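Have a look at the structure below before the remarks.
The values are calculated or read from the model by the stated rules, or taken from the named source; none is laboratory data. Note that the structure is predicted; figures quoted are calculated from it, not measured. With ideal geometry, Cβ positions are generated from the backbone for all residues, glycine too; neighbour counts draw on all protein chains shown.
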Amino acid sequence: MKSHVKYLGVVDKSNKIHYVEFNTGVNVITGKSSTGKSAMIELFDYCFGSSEFTIPSGIITDSADVYFMVLAIKDSFITIGRSPNLSKKFLKFESESPNIENLKKEYFEESYFTQDFNVDLGHYLGLDITDTDEDLEDRNYRKNNAKKGRPSIRNMIPFLLQHQNLVANKHSLFYRFDEKEKREQTIDQFKIFASFVKQEYYTIKQSLADEQRNFKSLENQQKALIQQNEFNTHKLNDLLDEYYAITGNKLTDESIMQILINPANTLQKLEKKEILTNYESEQSLKDLQVLRNKKNELYSKKRILQNKLNDISSSIEYANKHFHDVENLTNESEEKVKVSECPFCHTHNEKILIQANHLESAIHWLNGELSKSNYLLDSFESDKKEIEEQISSLDNEIRSIYQKINKLEDITSGLERNKSLEEQGLKVKLKIENLLENLVGRDSSSLEEQINISKKKIQDYQKDLKEKFAVTKKLLNAEKYINTEMKKIGEKFDFEETYKPINLKFSLESFDLWHERESGEKIYLRSMGSGANWLYSHVTLFLALHKFFCSLGDKSLIPAILFLDQPSQVYFPTSIKDENIEFNIDDIEAKKGTGTKDEDLRAVTNLFNQLVSFCKTTFEETGIELQVIVTDHADHLTLDNNTDFESLVSNRRWRTRGFINE
């Protein structure tokens with residue numbers, strides 16, 4: 001997004017304005033220690049909606065009554081004002097840049113203070129998505145069924161700020177990524193900030209998740225119906241066999257499949273069916289004998305399996321004992337035997353050596369056999385489980401056989417109790433009719449139709465997501481773009497020889513950064529060594545990210561702003577106090593005691609050269625000029641291409657004064 005910081009400032013308790021003015025491109029604030037340089041990045045963060053007040057305590061906090069920022073967005077301006085004493089924040093839209101001299105306390109009228117500051121500022125930046133839940137079901141797991149947090153301007157901050165303790169850090173790349181929730185939100189909302197998605201994307205995602213749940217429910221119903229049909233098939237078959245055994249006649253000539261396809265038709269026929277019995281029929285006796293034979297056959301199989309199971313259990317017990325005994329043995333691999341010699345004639349005796357060789361071979365064989373104990377035990381356990389499952393299956397069959405035998409024996413005992421075959425047959429017929437009544441109205445074709453409709457909806461939602469948004473493809477292309485730019489940018493920095501040519505890679509899925517060797521080996525930042533490598537990795541990545549955002553034009557929601565706080569610290573450590581009226585590299589180098597003055601100056605100068613060159617090139621290629629605000633001790637550098645370092649400083653040198661000009 002075409003945007004930049006126009007002013008950062010404070011109104012002090014005397015109603016006097018203290019401010020810094022910035023332009024697009026590279027802006028340098030240089031000066032000695034403790035003049036408020038690093039406070040600028042905290043002032044920006046505070047005015048950009050931070051819930052924490054992190055401006056360093058001192059002359060600034062003692063003097064300030066109102067902290068303000070004027071932010072240019074496209075062709076308009078937004079003035080933001082904050083006071084630690086107020087929960088509300090000032091937000092005023094201006095079509096033209098406000099006169100800085102007018103930004104006194106009177107300017108910050110009560111009517112422009114807002115409670116929903118982050119949301120309102122987000123609207124000006126184009127951040128209008130309110131619901132980022134991809135599945136409404138997720139709300140059930142949140143307190144009060146709350147929505148997922150809406151995208152926030154605060155999750156843009158990691159792309160904008162590199163504090164002095166972060167810009168050359170080997171463990172962290174992004175601001176506040178030590179907070180897991182902030183890290184996850186920033187990564188997830190990258191696609192929003194890059195305008196890959198809009199509210200419709202999440203609406204479709206929610207509909208897709210709902211329909212996928214509906215589809216799964218219909219599939220489960222279908223599976224349950226199939227299982228029920230299998231049960232009904234067996235149940236109906238058993239009842240028809242029972243009716244045949246009782247009456248000696250078939251209840252119907254229709255097949256089980258025909259009955260289940262149209263139960264209403266069969267039910268209508270059965271209502272008119274008379275119970276006809278054949279008292280001379282021996283069908284029940286024949287069926288009973290078949291079942292008894294089947295029972296004996298099953299018991300025979302079970303006895304055989306039980307014998308096998310007993311043998312395996314004994315083998316397992318023996319193998320466990322053997323394994324326990326083996327663990328207590330010493331695992332010898334060789335025997336050392338001295339050559340036998342006659343004490344009188346000193347003649348050598350080879351027989352003992354031959355026996356020793358035989359013993360050594362035996363030891364090798366024994367060790368090999370002992371090593372097989374574990375595998376043998378595993379094999380036994382597997383066989384045991386398999387046979388136990390077979391026995392369990394046989395037990396189920398035997399129970400089923402007993403149930404059928406009991407029913408057939410009940411026919412005879414029913415007659416003994418003066419229950420006629422007609423009466424017993426009628427009872428079974430009623431059971432069959434009751435079963436069929438429960439099946440009437442169950443239309444499996446309707447369920448199949450619902451499944452097909454649901455499947456079509458899912459395909460349509462997925463097609464919409466792919467054609468309208470193609471998020472996965474866009475993220476891959478963005479990652480490729482960023483990595484390509486990092487290769488170009490990184491070649492211009494002074495990485496150690498070990499990492500040349502530098503080949504930095506960045507993942508938009510995890511936000512990890514690494515150097516990839518030709519072999520494919522990944523060297524992550526924490527393992528690269530040297531503060532210079534860490535610094536250049538940070539700068540290379542953030543320039544590449546902003547080049548990508550600028551390439552999106554006004555589609556990107558990320559302001560084209562990057563703060564770099566003390567990037568020269570790798571060469572001019574912040575631990576060394578710089579208190580001179582003029583920047584004195586000799587004094588810093590003397591305190592460092594490294595004797596690398598020329599190398600350090602060359603590296604720092606190159607860093608500023610590359611920042612200037614990058615901003616210019618990005619503007620030529622994208623039409624948007626990145627604003628880089630650098631706070632540093634370095635000063636009076638001689639830059640390339642006739643760039644005057646003084647033009648980058650532009651009255652932002654704090655050596656005889658600080659940010660608060662007393």
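Step by step: first the residues of the range 513-528, then only those that are surrounded by 14 or more Cβ atoms within 10 Å (Cβ to Cβ) and in contact (Cβ under 8 Å) with a residue 40 or more places away in the chain, then the one that is nearest to ALA603 (Cα to Cα). Which residue is that?
MET528
Which one of SER111, SER97 is hydroxyl-bearing (Ser, Thr, Tyr), outside any loop (DSSP other than H, G, I, E, B) and farther than 30 Å from TYR461 by Cα?
Only one candidate qualifies: SER111.
Any residue at all in the range 254-277 that is within 27 Å of ILE398 (Cα to Cα), of a type in the set (Lys, Arg) and either outside the structural domain of ILE226 (by TED's automatic domain parsing) or assigned to a helix (DSSP H, G or I) (or both)?
no
May I ask you to list the residues in the range 183-199 that are in contact with a helix residue (DSSP H, G or I) (Cβ under 7 Å, 6 or more places away or on another chain) and charged (D, E, K, R)?
Residue satisfying the conditions is LYS191 alone.
When the residues of the range 65-112 are narrowed to those that are of a type in the set (Gly, Ala, Ser) and touching a residue at least 12 places away in the same chain (Cβ under 8 Å), which ends up surrounded by the fewest Cβ atoms within 10 Å (Cβ to Cβ)?
SER95
Considering each residue of the range 628-655, count those that are assigned to a strand (DSSP E or B), touching a helix residue (DSSP H, G or I) at 6+ places or on another chain (Cβ under 8 Å) and touching a residue at least 60 places away in the same chain (Cβ under 8 Å), and give that number.
Number satisfying all stated conditions: 5.
Out of SER217, SER281, report the one residue that is small (Gly, Ala, Ser), out of contact with any strand residue (DSSP E or B) (no Cβ under 7 Å at 6 or more places or on another chain) and not in a helix (DSSP H, G or I).
None of the other options fit; the residue is SER281.
For (1) exposed (fewer than 14 other Cβ atoms within 10 Å of the Cβ); (2) in contact with a Gly (Cβ under 9 Å, 6 or more places away or on another chain); (3) not hydrophobic (A, V, I, L, M, F, W, C), each residue gets a yes or a no:
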| site | (1), (2), (3) |
| --- | --- |
| LEU439 | no, no, no |
| SER446 | yes, no, yes |
| ASN452 | yes, no, yes |
| ILE458 | no, no, no |
| LYS466 | yes, no, yes |
| LEU476 | yes, no, no |
| ILE489 | no, no, no |
| ASP494 | no, no, yes |
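Sort out which residues of the range 117-150 are more than 29 Å from LEU465 (Cβ to Cβ) and in contact with a strand residue (DSSP E or B) (Cβ under 9 Å, 6 or more places away or on another chain), and write them in order of number.
PHE117, ASP120, LEU121
Among the residues of the range 114-121, is there at least one that is touching a Lys or Arg at 6+ places or on another chain (Cβ under 9 Å) and of a type in the set (Phe, Trp, Tyr)?
For the range 114-121, residues touching a Lys or Arg at 6+ places or on another chain (Cβ under 9 Å) and of a type in the set (Phe, Trp, Tyr): present.
Identify, by number, the condition in (1) within 38 Å of the chain's Cα centre (by Cα); (2) buried (at least 18 other Cβ atoms within 10 Å of the Cβ); (3) among the hydroxyl-bearing types (Ser, Thr, Tyr) that TYR7 doesn't meet.
(1)
Considering only residues that are of a type in the set (A, V, I, L, M) and closer than 18 Å to THR114 by Cβ, which ones fall in the range 48-87?
Correct list: VAL66, MET69, VAL70, LEU71, ILE73, ILE78, ILE80, LEU86.
Looking at the range 526-554, which of its residues are at negative phi and at pLDDT below 95?
Hits for the range 526-554 are ARG526, SER527, MET528, GLY531, ALA532, ASP554.
Consider THR132 carefully, then state whether it is buried (at least 16 other Cβ atoms within 10 Å of the Cβ), more than 29 Å from TYR7 (Cα to Cα), of a type in the set (Ser, Thr, Tyr) and within 27 Å of the chain's Cα centre (by Cα).
yes
Looking at ILE41 and the list (1) over 22 Å from GLN164 (Cβ atoms); (2) surrounded by 21 or more Cβ atoms within 10 Å (Cβ to Cβ), which single condition is not satisfied?
With respect to (1) over 22 Å from GLN164 (Cβ atoms); (2) surrounded by 21 or more Cβ atoms within 10 Å (Cβ to Cβ), ILE41 is out only on (1).
What pairs come out if I take residues in the range 600-611 that are within 15 Å of VAL26 (Cα to Cα) and pair them with residues that are of a type in the set (Gly, Ala, Ser) and not in a helix (DSSP H, G or I) whose C-beta lies under 8 Å away, six or more apart or interchain?
That search, which allows pairs on different chains as well, returns VAL604/ALA634; PHE608/ALA634.
With respect to the numbered conditions (1) in the same structural domain as VAL630 (by TED's automatic domain parsing); (2) without any contact (Cβ under 8 Å) to a residue 24 or more places away in the chain, which one is the sole condition not fulfilled by ILE489?
(2)
Residue-wise test of (1) out of contact with any Asp or Glu (no Cβ under 8 Å at 6 or more places or on another chain); (2) within 27 Å of GLU42 (Cβ to Cβ); (3) not aliphatic (A, V, I, L, M).
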site: PRO567; (1), (2), (3): no, yes, yes
site: GLU589; (1), (2), (3): no, no, yes
site: LYS592; (1), (2), (3): yes, no, yes
site: THR596; (1), (2), (3): no, no, yes
site: THR622; (1), (2), (3): yes, no, yes
site: ASN641; (1), (2), (3): yes, no, yes
site: ARG657; (1), (2), (3): yes, yes, yes
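What residue, among those in the range 279-298 that are touching a helix residue (DSSP H, G or I) at 6+ places or on another chain (Cβ under 7 Å) and either closer than 15 Å to GLU389 by Cα or crowded, with 16+ Cβ neighbours inside 10 Å (or both), is modelled with the highest pLDDT?
Among those residues, the one meeting the criterion is LEU298.
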